[in-house]
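Presented below is the structure to which this report refers.
The values are calculated or read from the model by the stated rules, or taken from the named source; none is laboratory data. The model shown is predicted, which means the values in this text are computed figures rather than measured ones. So basically every Cβ, Gly included, is an ideal-geometry build from the backbone, and we count neighbours across all protein chains shown.
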Amino acid sequence: MTVVDERTTAPAAPVTLPPGHRLVPARVGRPGRVQTIAIPCADWCTRDHVDDWRYDVEDIEHCGPMFGAQVATLLDEDTALFDWYGRLNSDPGSSDPRLRAAHVIVGDGSRDDAHLTPDMTDELADELIAFALRLRGAARTAREANRAAGMGAINS
């Protein structure tokens with residue numbers, strides 16, 4: 001006689017992931033009822049979905065690494081007056097399809113971040129490159145003016 005264990009389940013069907021995704025563990029649930037599940041995660045996402053647990057799977061966002069720039073002042077070299085950051089982002093649980101798609105977030109630590117499409121990001125990058133070139137030109141002019149006025153020490 002063959003005994004069948006009724007607790008045995010059939011093997012799970014293979015998971016088909018979208019291109020550019022991998023299966024990773026994520027923790028979801030309320031305190032005391034947290035569970036670890038497997039979710040599709042974008043290859044560019046660097047968020048640890050176990051450490052960064054959420055109440056609901058719909059709250060899981062995918063985030064790339066942060067990058068940024070700070071603007072100091074000669075009046076207080078220990079303080080950044082402006083602090084910009086950017087990162088790649090996707091919020092698959094969003095009701096807004098634009099936020100579900102991969103996009104770029106640019107922010108300055110204030111209340112709202114700018115969510116940019118890839119085209120908007122390219123346009124901003126072009127403007128920032130032009131701005132950076134103008135900054136270099138202004139620095140060159142200031143350096144020359146200081147040298148001409150005998151204030152070379154202030155050029156660093």
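Being in contact with a Gly (Cβ under 8 Å, 6 or more places away or on another chain) and in a loop (DSSP other than H, G, I, E, B) is the filter here, so list the residues in the range 38-60 that pass it. Walk me through it before giving the result.
In the first step, residues of the range 38-60 are kept if they are in contact with a Gly (Cβ under 8 Å, 6 or more places away or on another chain); the result is 42-46, 53, 55-60.
D43, W44, C45, T46, W53, Y55, D56, I60, listed by residue number.
Counting only residues that are closer than 17 Å to G68 by Cβ and assigned to a helix (DSSP H, G or I), the range 101-126 holds 3 of them.
Any chance you could count how many residues in the range 45-60 are within 23 Å of D83 (Cβ to Cβ) and surrounded by fewer than 17 Cβ atoms within 10 Å (Cβ to Cβ)? The total comes to 2. If you go through the range 79-100 and keep only what is closer than 13 Å to E61 by Cα and either in contact (Cβ under 8 Å) with a residue 24 or more places away in the chain or assigned to a helix (DSSP H, G or I) (or both), you end up with R87, L88, N89, S90, D91, P92, G93, L99, R100. Scanning the range 65-91 for residues that are modelled with pLDDT of 95 or more, surrounded by 13 or more Cβ atoms within 10 Å (Cβ to Cβ) and out of contact with any Asp or Glu (no Cβ under 6 Å at 6 or more places or on another chain) returns G68, Y85, G86, R87, L88, N89, S90.
Screening the range 103-123 for residues that are among the small types (G, A, S) and farther than 11 Å from R87 by Cβ and picking the one that is surrounded by the fewest Cβ atoms within 10 Å (Cβ to Cβ) gives S110.
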